[in-house]
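The values are calculated or read from the model by the stated rules, or taken from the named source; none is laboratory data. These numbers were taken from a predicted model, which means no experiment stands behind them. Here the Cβ is made from the backbone with ideal geometry for all residues, glycine too, and neighbour counts use every protein chain on show. With ligands, DNA and RNA removed, areas are computed over all heavy atoms of the protein, side chains included. Shrake-Rupley method; radii C 1.70, N 1.55, O 1.52, S 1.80 Å.
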Amino acid sequence: MTGTALRMPALLVIGFLVAMVIAAILLAGADPASVAYGIIERALFTRAGLLEALLRAIPLTIMGLGIAIAFKARIFNIGMDGQLIAGSVLAVVAAPLLPGNIAGIVFFLALGFLGGAVWGGIAGVIKARFGGNEIIATIMLNYVAVQLLSWLVRGPLQEKMKIIPRSDAIDQALRLPVLFDGTRIHAGLIVAILAVAIVALVMLRGRFGYRLAVVGANDHAARYAGISPAWMAAAVLILSGALAGLAGAVEVAGLYGRLQEGFAPGFGIAAIAVALVARLNPLLVPVSAFGFSLLYSGLGALARNGVVPFPLINILEGAIILVFLAATVALRHGGGQTREAPESGARADG
Amino acid sequence: MTETGSVPLVALRGVTKRFGDVVANRAVDLEIGRGEVIALVGENGAGKSTIVNMLSGVFPPDEGTIEIDGAATGFTGPAASVEAGIGVVHQHYMLVPTLTALDNIALQASELGLWKIDRRALGDRAGAVAEALGFRFDRDQRIDSLDVAHQQRIEIIKALIHEVRLLVLDEPTAVLGADDKARLFDTISGLKRQGVSVVLITHKLEDIFAVADRAVILRNGAVAADLPVKDLSPETIVTHMVGSDAEARSELEIQPETVHPEHPVGEAVCRVRDVTLRRPNGSVAVSGLSLDLHAGEIVAVAGVDGNGQSEFVHCLAGLQRPDEGEIDCLGLNSRARTWSPARLRRAGVSHIPEDRRHSGIVAEMTLAKNYLLSHLDRPDVFRLGLLRNHHLGQVVDGLLNAFKVRAPGSGALMKTLSGGNQQKIVLARELDGDPKLILATHPSRGLDLNTIAFVHKTLEQTRDAGKAILLLSSDIDEILKIADRIIVFAGGRTFGPAPCRDLTRQTIGAWIAGHEDIEA
């Protein structure tokens, strides 16, 4: 019953959005078919497009894992952008103290992890100790982090030349090495793969993963079983914040080498879409992250070529994400009837 | 009583209501005369609430008719019932705590228009109703600043703001102190003088004698007795509530020796000292309770639901702390920070929760994962911190066999099982391992007879294996069958604990009704 109940609106949403997007492109004076071809060509049929997507998939995977953990426990962490900033700031601030070797890189990433954990932990304490809504707290902390970064790169952390609002570059020895010559694909890929493996083990086979699934599915049962939903909420916000911070440190050490404003634009929100399309399954998160990255890479080419006005790019992005999400709902609940059939059978003889 | 010849205000004729296989009301005949106060009495599940819900139009009867002024009426919904002049004050108040008294009344008074609440006119009407009842009514007072007794008055005003000819009060005295109770009875008498009929749902004998003209006693969904109160004595009411003397005696005489064999009782695993518990609204649920639970005995907590038993079990499970007094349980103290569900479970307390669907299971998870809820610390199901899915499956499949659960296997989702089988799994889960104290809340509620027998046998075996069991039950038969001692909760008081073999059904029934011992 729920299958059809959800499927119809989902399909309606898809149809509506597709129609709107086509209308928008036509209004902009472009040919929808060539726009679609442009996106697909760049994303799938050019080396540059594929590599760009892979590069983008690294932070999105790490952050998507963090969202998967949080949403599994029904904790809605909207503050990954802020946590990412907090992690990168802490890592960059402490970078001069780190040794210039592999250990230094590990410490650098660990500091990013820690910084994100602290930023997520603030929302965690607000939620667990005072019952504050984590959505509000994490969103507000985003603004705090963005402004903090803005001040740091214009004030205490600004480069010695004092021209551009950005920090000095970190020691070259702390940069993540490039894995494949002639590309920008860096060792962050290994970090992402390790993160997928560890998070998958914890979520699917670990005690912690079990606890957060129980809290997400039935917090009353969790309380009766001795699992404190408040404590879990705090732990989950710390952990998902830490993953966002790790992603920030990976971006800094892998790509930019320094702090600057807006270096991971909208990743926190994109990570939510990534995790939702992956149905919060950590093993599907990298697949979903790569899919989204292909989309960004294709849209990026479209923007550079000036085929359509720039604001339309954002509209296209939003519409495509919504279509993806609506499609997952439609597909997931499409099999609803068959899934519920044995249930009623079991009830009848029970 | 209705005068002969006159048409009753409301009449139920041969009303039957079923929910699935359960017959909630069986061919109920009930007449309510004008200006008559009727006490509707019965134990839990006797069918009182079902009658209220049919009178207030929540659902229609399956068979039979409801007549108003002699004409058969089919309520299309709650609004139709209000239209017909029936007002209901539910046991759990339907008030918005953050709104004022007047705004809460406005919520009910739907005819006040779509655009704007005419607060002045409504306030005057509510004030007039309050005055007629002798209440002081402060229209701007917020509900959450009022105590339960005053909240109840707002509910009564809310119900009477309409033209009400029959007022139904569902367990109105359950939360009231003695003074407030006396005032409520005055109100009821006042309504009676104004010609309003009142149905008072209660399980307390004193309420019946204080205010009712006629008592209708329900048992198992059917009317067991319908008599003027002046012809009744406490003994006869209890007899009707719990079943006839003869029935009871014959049941007890079947196996008088095996029913209460002597059990070697071990040391106390849990000591409760002068414990007072309050509900969130501040009313006292349990006051000054002291009780020891020993290894190798089943102590039953009896009483009608809502008399503090749930709060007591929650407290023992670590879900709340006593407001006064203290509990020592398996080395943990209720005043210490360690008094939490997790620590108590680890110390050996297992808990079969009252509302299993709500708090005992995770419907979306497999049976195996549901078993883990209480056994996350079990060493053999994790290796290097990772769940051994296959091994866990085998463990749970073994339990499914032992408890004869009808399920395809440990990998099935909990929600695909019937309620009875879900309950067996909870039971199996909570008895597995090595619990020292088992809090069994209504362990047989909603089960078929075979399963109930199985549950009782399992609990007895567990007791004989030297565990302490606290059995929360409202079923006297169940208590007399398996419990060693009993303590009865009634209206903030407790009766007992006393050994079951020293008590008769009559005495227990009287205690449940909040009455001291009755001479047989």
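Just to be sure I understand, how many residues within the range B:342-359 are at pLDDT below 90, at the interface with chain A (Cβ under 7 Å from one of its Cβ atoms) and outside any helix (DSSP H, G or I)?
1
Rundown of residues vs (1) of a type in the set (A, V, I, L, M, F, W, C); (2) modelled with pLDDT of 85 or more, yes/no style:
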residue: B:247; (1), (2): no, no
residue: B:252; (1), (2): yes, no
residue: B:276; (1), (2): no, yes
residue: B:279; (1), (2): no, no
residue: B:284; (1), (2): yes, no
residue: B:301; (1), (2): yes, yes
residue: B:305; (1), (2): no, no
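Among (1) more than 27 Å from residue A:173 (Cα to Cα); (2) open to solvent by less than 20 Å² (accessible area, probe 1.4 Å), there is one condition residue A:104 misses while meeting the rest; what is its number?
Going through (1) more than 27 Å from residue A:173 (Cα to Cα); (2) open to solvent by less than 20 Å² (accessible area, probe 1.4 Å) one by one, residue A:104 breaks only (1).
Out of everything in the range A:274-287 that is open to solvent by 10 Å² or more (accessible area, probe 1.4 Å) and not basic (Lys, Arg), what residue ends up being modelled with the lowest pLDDT?
A:277
Residue by residue through the range B:193-211, note down the ones that are open to solvent by 10 Å² or more (accessible area, probe 1.4 Å), at pLDDT 85 or above and either part of a helix (DSSP H, G or I) or touching a helix residue (DSSP H, G or I) at 6+ places or on another chain (Cβ under 9 Å) (or both).
B:193, B:194, B:196, B:209, B:210, B:211
Before we move on, is residue A:303 modelled with pLDDT of 90 or more and under 25 Å from residue A:38 (Cα atoms)?
no
Output the number of the condition that residue A:164 fails; it satisfies all remaining conditions of (1) more than 14 Å from chain B (Cβ to nearest Cβ); (2) touching a Gly at 6+ places or on another chain (Cβ under 6 Å).
Here residue A:164 meets the rest and fails (2).
Does the range B:464-519 hold any residues that are under 18 Å from the mean Cα position of the chain (by Cα), under 21 Å from residue B:220 (Cβ atoms) and of a type outside the set (A, V, I, L, M, F, W, C), and which are they?
If the condition is that a residue be under 18 Å from the mean Cα position of the chain (by Cα), under 21 Å from residue B:220 (Cβ atoms) and of a type outside the set (A, V, I, L, M, F, W, C), then B:473, B:474, B:475, B:477, B:478, B:509 are the ones that fit.
Criterion first (in contact (Cβ under 8 Å) with a residue 60 or more places away in the chain, out of contact with any Ser or Thr (no Cβ under 7 Å at 6 or more places or on another chain) and surrounded by fewer than 22 Cβ atoms within 10 Å (Cβ to Cβ)) does residue A:246 satisfy it?
For residue A:246, the condition - in contact (Cβ under 8 Å) with a residue 60 or more places away in the chain, out of contact with any Ser or Thr (no Cβ under 7 Å at 6 or more places or on another chain) and surrounded by fewer than 22 Cβ atoms within 10 Å (Cβ to Cβ) - is not met.
Which of the residues that make up the range A:194-243 are surrounded by fewer than 21 Cβ atoms within 10 Å (Cβ to Cβ) and hydroxyl-bearing (Ser, Thr, Tyr)?
Answer for the range A:194-243, where residues must be surrounded by fewer than 21 Cβ atoms within 10 Å (Cβ to Cβ) and hydroxyl-bearing (Ser, Thr, Tyr): just A:228.
Considering only the range B:406-430, how many residues are in contact with a helix residue (DSSP H, G or I) (Cβ under 6 Å, 6 or more places away or on another chain) and away from every other protein chain (no Cβ under 13 Å)?
Of the residues in that region, 2 qualify.
How do the pairs read when you match residues in the range B:381-403 that are within 16 Å of residue A:200 (Cα to Cα) with residues anywhere that are surrounded by fewer than 20 Cβ atoms within 10 Å (Cβ to Cβ) and among the aromatic types (Phe, Trp, Tyr), using Cβ under 7 Å and keeping only pairs 6 or more apart or on different chains?
Correct list of pairs: B:388/B:382.
Here are A:188, A:131: which of them is under 18 Å from the mean Cα position of the chain (by Cα) and either open to solvent by less than 80 Å² (accessible area, probe 1.4 Å) or not β-branched (Val, Ile, Thr) (or both)?
A:188
Could you grab me the full set of residues in the range A:142-177 that are open to solvent by 60 Å² or more (accessible area, probe 1.4 Å), part of a helix (DSSP H, G or I) and under 21 Å from residue A:97 (Cα atoms)?
A:172
Among (1) within 24 Å of residue A:220 (Cα to Cα); (2) free of Cβ contacts under 8 Å to residues at least 40 places away in the same chain; (3) facing chain A (nearest Cβ under 7 Å); (4) assigned to a loop (DSSP other than H, G, I, E, B), where does residue B:339 come up short?
In the conditions (1) within 24 Å of residue A:220 (Cα to Cα); (2) free of Cβ contacts under 8 Å to residues at least 40 places away in the same chain; (3) facing chain A (nearest Cβ under 7 Å); (4) assigned to a loop (DSSP other than H, G, I, E, B), residue B:339 misses (3) alone.
Would you list the strands (runs of 3 or more DSSP E) that sit entirely within the range B:22-134 and hold 2 or more residues that are modelled with pLDDT of 85 or more?
Passing ranges, in order: B:22-32, B:37-41, B:63-68, B:86-89.
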